[in-house]
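Asks: Sharing a structure here in structure tokens format.
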Amino acid sequence: ESSKSISEAIRLARSREEQETLLGDEEQADDDGCYPPRKTDAPRTPNPHSSLPVYTTIHKIRRLIIASIDDPYSLEQLKSPRINVTVVRPLVEHLYDPDDVSMVYCLLVNRMQFLREQSYQAHHQTVNNTRASVCELIASRVLRRFDEDHEGRPGLLMLANVLVAGFEPFQNAPREVYEQNQSALHWTVRWKLARPEYEKMLTALEVAIVSEAKTFLSTSACQKIVENVYRGRIIYTPTSFIDILPDHYKNRGISIYDPRRAPYLNQYRLIVPRTRNIIEGCQFVVLLVLYFLMMANKAHTIGPSHLNFTIYELVFNVYALGWVLDEIAAILEHGWSVHTENLWSFLDITFVVIFWCYFGVRMHGIAIKGAHTAKLANDILSMAAPILLPRLAFCLMPENMLFISLRAMMADFAFLTVLAAWCFGGFLLAMRWLSESQDGYIRHSIGTISKWMLWIWFGLDGTGIQRSAEFHVILGPTLMVTFAFLGNTLFLTILVAMLSNTYTNLAQNATAEIQFRRAVLTFEGVKSDAIFAYRPPFNVIALVVLLPLKWALSPRWFHKVNITAVRILNAPILFIVSLYERRYLWKRSRFISPPRKHNWLKAWERFGAHGDIQAVFDTDPPQSVIDEMDDVDDI
């Protein structure tokens, strides 16, 4: 009985792992491939969580956390057995409700509020940080309880509702509270640029990203949903800030996607994060190739040739306009705070600024027939090369710790540089004024003095020290030498120490950082705006043609026109995606168990010094060996 129970436990554990990734035949999805199937033919799905007391839960959690935490603790202390038994576990037991999927959202909202309060309540600053950490820790434990208590595909749906269902902070608040805080409809809703049913709604995943709850986002339960949403196994209609080309006729609830029962040309698969990420990568490669072709074939001598558009420049401009429109739509989709959490967002935004500067100067040069102005436009566009090439590396290796740390260190470097320039500006003014008061010497300009100071700052040249007596025989050298000590020695030492500390902190939490970026990429990849279904430069044409039709047609007919255009323009992509997903979407993941190696490779590894370590686990032990394990059940 002992050996049978052990074998049965192993078999059940392995079966459960496979069941989490395989789609069964007993579930009947609807004709859109959504499970559970829709109950009516209504285009909009009602909110299944509208009865939850979100407002009451938020303030209940706030009172509990404030009453429980009076002293500052580190995250390690909060995870210690003493704090866990006396504070964290009782709060988890009290707050966990298997029927309330808004609990995690309410905990993360309180975390965000405590973090906001710590910025202006100096006497409670460290305590509020601790309270925010407690909220994140309890949210992780509650999410894990949801994962443990709900198994299979119903449990996967339950977990998805906890993380990606939208909630409104004043949901089911008392009438007097709601009337005091009620405001007019947001302008995005009045102009039909956002879904009215999602006004002021946020998801727990979005709140976790905005508040940078990296411990919460790195939990296995959260990553399970992130992975399934990224692959398109779980689908839903996301909340959005502004839709440039709004098509709000249909509203899909949170569902499991069955590609076997979905149509071959399913336009909604274009906004699946994984598919969207691959398409965006291909779009960027096309942009990069067109950029190189244009710059390689531009005119090199100033003259009438600069006023003419080459075929390469024309194609690049048309395609780049569509790419820039896609980037602007991505910023408006989830807002600036979410978009800037993306790893390469600062590179994209920089290219958008460079392109608009180039395009404006280019059009101005053509209008005034100025060859010098037209050449200046090409010179401006050449500044995009240091942006586009690193962007390709960021796109190909988004989870590389070097790029993740580089982004954070660049932010620290920019902040410290601006602060240093501000502080050292006094040296620049002092030497400029000393230069003006000296007779017999040439008055040095601000630019010349700045150049000398910059060379000293980076240790390139000592001309500024040699000629500092021209400012004043005593005060000039004193100022320049003092600046050299502070700027070249002290400042650079602080800068190196600060960047080293940033990299060390990121490297120590490498897994959490990578999973945080993965969650950002997944959340931002689920799009609501119809403009994302059109590839550049067709998105520009769709905006010009379809947006006026939005005001002329009914929502139902506009939806029909939109999906027809999307299916025609993306038919090859949709067909390839459908064929791939029907075969591989719900196939058992290769990460659940080690992949099987070829026999020749396995035989080669047996010759190594450690070949027997892996070989001992390749086959199950025989029954005679299992019979000797009589004491396992007792343990």
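Asks: Within the bounds of the stretch 336-351, is there any residue that is small (Gly, Ala, Ser) and surrounded by fewer than 18 Cβ atoms within 10 Å (Cβ to Cβ)?
Replies: Filtering the stretch 336-351 for residues small (Gly, Ala, Ser) gives 337, 345.
Next cut, surrounded by fewer than 18 Cβ atoms within 10 Å (Cβ to Cβ) only: 337.
For the stretch 336-351, residues small (Gly, Ala, Ser) and surrounded by fewer than 18 Cβ atoms within 10 Å (Cβ to Cβ): present.
Asks: What about residue 500, is it free of Cβ contacts under 8 Å to residues at least 12 places away in the same chain, among the hydroxyl-bearing types (Ser, Thr, Tyr), open to solvent by 40 Å² or more (accessible area, probe 1.4 Å) and within 30 Å of residue 240 (Cα to Cα)?
Replies: Numbers: free of Cβ contacts under 8 Å to residues at least 12 places away in the same chain: yes; among the hydroxyl-bearing types (Ser, Thr, Tyr): yes; open to solvent by 40 Å² or more (accessible area, probe 1.4 Å): yes; within 30 Å of residue 240 (Cα to Cα): no.
So residue 500 does not fit the description; no.
Asks: Just wondering, is there one or more residues in the stretch 327-335 that are open to solvent by less than 10 Å² (accessible area, probe 1.4 Å), under 30 Å from residue 517 (Cβ atoms), in contact with a Ser or Thr (Cβ under 8 Å, 6 or more places away or on another chain) and assigned to a helix (DSSP H, G or I)?
Replies: yes
Asks: State whether one or more residues within the stretch 469-476 are farther than 30 Å from residue 346 by Cβ, assigned to a helix (DSSP H, G or I) and touching a Pro at 6+ places or on another chain (Cβ under 7 Å).
Replies: Yes: one or more hits.
Asks: Being assigned by the TED database to the domain that holds residue 502 and either open to solvent by 40 Å² or more (accessible area, probe 1.4 Å) or within 30 Å of residue 277 (Cα to Cα) (or both) narrows it down to one of 381, 376, 454, 388, so name that one.
Replies: On the way: 381 fails: assigned by the TED database to the domain that holds residue 502; 376 fails: assigned by the TED database to the domain that holds residue 502; 388 fails: assigned by the TED database to the domain that holds residue 502.
None of the others qualify; the one that does is 454.
Asks: Suppose we filter the stretch 37-64 for residues that are open to solvent by 90 Å² or more (accessible area, probe 1.4 Å) and hydroxyl-bearing (Ser, Thr, Tyr); how many remain?
Replies: Of the residues in that region, 1 qualify.
Asks: Specify which of the listed residues (117, 76, 93) is surrounded by fewer than 13 Cβ atoms within 10 Å (Cβ to Cβ) and within 19 Å of residue 129 (Cα to Cα). Reasoning before the result, please.
Replies: Numbers: 117 fails: surrounded by fewer than 13 Cβ atoms within 10 Å (Cβ to Cβ); 93 fails: within 19 Å of residue 129 (Cα to Cα).
The conditions single out 76.
Asks: Please indicate, with yes or no, whether at least one residue in the stretch 421-442 is touching a helix residue (DSSP H, G or I) at 6+ places or on another chain (Cβ under 9 Å), open to solvent by 70 Å² or more (accessible area, probe 1.4 Å), touching a residue at least 60 places away in the same chain (Cβ under 8 Å) and in the same structural domain as residue 477 (by the TED database).
Replies: Taking every residue of the stretch 421-442 in turn, none turns out to be touching a helix residue (DSSP H, G or I) at 6+ places or on another chain (Cβ under 9 Å), open to solvent by 70 Å² or more (accessible area, probe 1.4 Å), touching a residue at least 60 places away in the same chain (Cβ under 8 Å) and in the same structural domain as residue 477 (by the TED database).
Asks: If I filter the stretch 295-313 for residues that are open to solvent by 10 Å² or more (accessible area, probe 1.4 Å), within 21 Å of residue 534 (Cα to Cα) and hydrophobic (A, V, I, L, M, F, W, C), do I get at least one hit?
Replies: Checked the stretch 295-313: no residue is open to solvent by 10 Å² or more (accessible area, probe 1.4 Å), within 21 Å of residue 534 (Cα to Cα) and hydrophobic (A, V, I, L, M, F, W, C).
Asks: Condition (residue is open to solvent by 40 Å² or more (accessible area, probe 1.4 Å) and within 32 Å of the chain's Cα centre (by Cα)) applied to the stretch 511-533: is it met by at least one residue?
Replies: Filtering the stretch 511-533 for residues open to solvent by 40 Å² or more (accessible area, probe 1.4 Å) gives 511, 518.
If we keep only those that are within 32 Å of the chain's Cα centre (by Cα) too, we end up with 511, 518.
Yes, some residue in the stretch 511-533 is open to solvent by 40 Å² or more (accessible area, probe 1.4 Å) and within 32 Å of the chain's Cα centre (by Cα).
Asks: Have a look at 540, 577, 566 and point out the one that is among the hydrophobic types (A, V, I, L, M, F, W, C) and in contact with a Ser or Thr (Cβ under 7 Å, 6 or more places away or on another chain).
Replies: Values: 540 fails: in contact with a Ser or Thr (Cβ under 7 Å, 6 or more places away or on another chain); 566 fails: in contact with a Ser or Thr (Cβ under 7 Å, 6 or more places away or on another chain).
Unique residue meeting the criteria: 577.
Asks: Looking only at the stretch 534-544, decide whether some residue is open to solvent by less than 40 Å² (accessible area, probe 1.4 Å), over 20 Å from residue 340 (Cα atoms) and of a type in the set (A, V, I, L, M, F, W, C).
Replies: The answer is yes; a qualifying residue exists.
Asks: Taking helices (runs of 4 or more DSSP H) that fall entirely within the stretch 526-635, which contain at least 1 residues that are modelled with pLDDT of 75 or more? Show your work before the answer.
Replies: On the way: elements: 538-552, 555-569, 571-584, 599-605, 611-615, 623-627.
Qualifying helices (runs of 4 or more DSSP H): 538-552, 555-569, 571-584, 623-627.
Asks: From the list 95, 78, 115, 107, which one is among the hydrophobic types (A, V, I, L, M, F, W, C), in contact (Cβ under 8 Å) with a residue 40 or more places away in the chain and farther than 23 Å from residue 171 by Cα?
Replies: Values: 95 fails: farther than 23 Å from residue 171 by Cα; 115 fails: farther than 23 Å from residue 171 by Cα; 107 fails: farther than 23 Å from residue 171 by Cα.
Being among the hydrophobic types (A, V, I, L, M, F, W, C), in contact (Cβ under 8 Å) with a residue 40 or more places away in the chain and farther than 23 Å from residue 171 by Cα holds for just one of 95, 78, 115, 107, which is 78.
Asks: May I pose another question? Quick check on residue 486: is it among the hydrophobic types (A, V, I, L, M, F, W, C), more than 30 Å from residue 242 (Cβ to Cβ) and within 40 Å of the chain's Cα centre (by Cα)? Break it down stepwise before answering.
Replies: Numbers: among the hydrophobic types (A, V, I, L, M, F, W, C): yes; more than 30 Å from residue 242 (Cβ to Cβ): yes; within 40 Å of the chain's Cα centre (by Cα): yes.
Answer is yes for this residue.
The values are calculated or read from the model by the stated rules, or taken from the named source; none is laboratory data. Note that the coordinates shown come from a computational prediction; the quantities given were computed from them, not determined experimentally. Heads up, the Cβs are rebuilt from the backbone with ideal geometry, glycines too, and the neighbour counts pull from every protein chain shown. Side chains included, ligands, DNA and RNA excluded: accessible areas come from the protein's heavy atoms. Shrake-Rupley method; radii C 1.70, N 1.55, O 1.52, S 1.80 Å.
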